[in-house]
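A quick write-up on the structure given underneath.
The values are calculated or read from the model by the stated rules, or taken from the named source; none is laboratory data. None of these values were measured; they are calculated from a predicted model. Please note: Cβ atoms are built from the backbone with ideal geometry, for glycine as well, and neighbour counts cover all protein chains shown. Heavy atoms of the whole protein, side chains included, go into the accessibility calculation; ligands, DNA and RNA do not. Shrake-Rupley method; radii C 1.70, N 1.55, O 1.52, S 1.80 Å.
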Amino acid sequence: VYIIKVTWSNGATEVIYRRYSKFFDLQMQMLDKFPMEGGQKDPKQRIIPFLPGKILFRRSHIRDVAVKRLIPIDEYCKALIQLPPYISQCEEVLQFFETRPDDLTPPKE
């Protein structure tokens, strides 16, 4: 689970918690919704940032993989919000970063 500090344009800040699988789901939604910007027709036209794919690993490696993904996740979030507003402010992105009920009771570990 990644802890993300979200700062909205009005200055409000919130802390949210997201699993890697949720980032991956968002990425798939973005590539489906914006095929041109995702480079499906011409890879040189891609502006949607890359996100490392899912990895199958043993339970003992969960923390190691999570730590290795920390910088790519940070870079992905920063790149995503720098995209043109029609992407960075689309419903899928806004919903991803909005506080959810489970953010109010964060994971214990």
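A few remarks follow.
- Every pair of residues 6+ apart whose Cβ atoms lie under 6 Å, when the first sits in the stretch 85-109 and is at negative phi while the second is of a type in the set (G, A, S) and in a helix (DSSP H, G or I): none
- Filtered residues of the stretch 74-109 (kept if acidic (D, E) and out of contact with any Phe, Trp or Tyr (no Cβ under 6 Å at 6 or more places or on another chain)): D74, E75, E91, E92, E98, D102, E109
- Residues in the stretch 1-22 that are among the hydrophobic types (A, V, I, L, M, F, W, C) and at pLDDT below 90: V1, I3.
- Yes/no for L56 being at pLDDT 75 or above, hydrophobic (A, V, I, L, M, F, W, C), farther than 15 Å from R18 by Cα and not in a helix (DSSP H, G or I): no
- Residues of the stretch 1-52 classified as in contact with a Pro (Cβ under 6 Å, 6 or more places away or on another chain) and in a loop (DSSP other than H, G, I, E, B), total: 2
- Residue check, Y86 closer than 22 Å to L31 by Cβ, open to solvent by less than 40 Å² (accessible area, probe 1.4 Å) and modelled with pLDDT of 90 or more: no
- Candidates are the residues of the stretch 89-109 that are modelled with pLDDT under 95 and part of a helix (DSSP H, G or I); the one that is surrounded by the most Cβ atoms within 10 Å (Cβ to Cβ) is D103.
- Residues satisfying the stated conditions in the stretch 10-41, i.e. of a type in the set (G, A, S) and within 16 Å of A79 (Cα to Cα): G38, G39
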